[in-house]
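To start, the structure under review is shown below, and the notes come after it.
The values are calculated or read from the model by the stated rules, or taken from the named source; none is laboratory data. Note that the structure is predicted; figures quoted are calculated from it, not measured. FYI the Cβ positions are ideal-geometry reconstructions off the backbone, even for glycines, and counts take in every protein chain you see. The protein model used for the area step is the full one, side chains on, heavy atoms only, and it has no ligands, DNA or RNA in it. Shrake-Rupley method; radii C 1.70, N 1.55, O 1.52, S 1.80 Å.
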Amino acid sequence: MDTTENERRPDEITKELMRLCETVLQGGDRVAQILRLHALTECYIERALSVLLRKPEFVLGDSRFTYNHKLNLMQALNALPESVADALRRLSKLRNQCAHSMRPEIADAQIRDAAQPILQAFNRTQQQYEKDGLYDMFGAYVFTIFSELSHTVLVHERVYEAIFGSEATVEKLALKDIVSSEFMARVSNNLSQVR
């Protein structure tokens, strides 16, 4: 069967997903992987906030603005599905267990619990992994978290670029002050529901 070029070439989200998963899963034990996963999801949340907020530097430039604050802000903007926010909060709890324990251990049961809010997507990913001969619950978890989060973030970025273009100008920044963050989040959410 002949495949088209589009079928052979992974789309933007898939490329990014694979890169993120490789970064998290490269070397180290599960504790190090949890810490990397948490840090990378925070980067993604910050990417979304940078396009949703009129003046993101006030939030992103303040070191006292924690992961949880950023998640709350994303939810206040209605810019993140509830299930994804809940899954990220559970990831944050895992991260805190790792960071604040002398001998942290993360069992598969804890991974499954962290995946509960996105369980359907997690189960589909895990089934696909098993079908491909991979029996890695944590790998399936990492892929699912990034899949859910990256889809949301990339939609926000695409909407921003469609409205404001890729290059910042004084006129575009003034327009960003007029267009509300709530409007941006609504448009992005409507587009993400189409998926």
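Here are some notes:
- Computed with every protein chain present, the accessible area of ARG158 is close to 110 Å² [probe 1.4 Å].
- Accessible area, probe 1.4 Å, largest first, for residues GLU157, GLU130, GLU105: GLU105, GLU130, GLU157
- Table column - 3J(HN,Hα) (Hz), the range 123-131, Karplus curve with 6.51, -1.76, 1.60, x for Gly and Pro: 4, 4, 5, 5, 4, 5, 4, 5, 4
- Surface accessible to a 1.4 Å probe, VAL31 within the full protein complex, Å²: 20
- Cβ crowding within 10 Å averaged over residues, with 133-146, 91-104 ranked highest first: 133-146, 91-104
- Extension gain for MET18-GLU82 works out to 20.6 nm (0.36 nm per residue, less the C-alpha to C-alpha distance).
- Extension gain for the segment ASP11 to VAL59, taken as residue separation times 0.36 nm less the Cα-Cα distance, is 14.2 nm to one decimal.
- Calculated FRET efficiency for the pair ARG112/ALA32, C-beta based, R₀ 22 Å, to 0.05: 0.60
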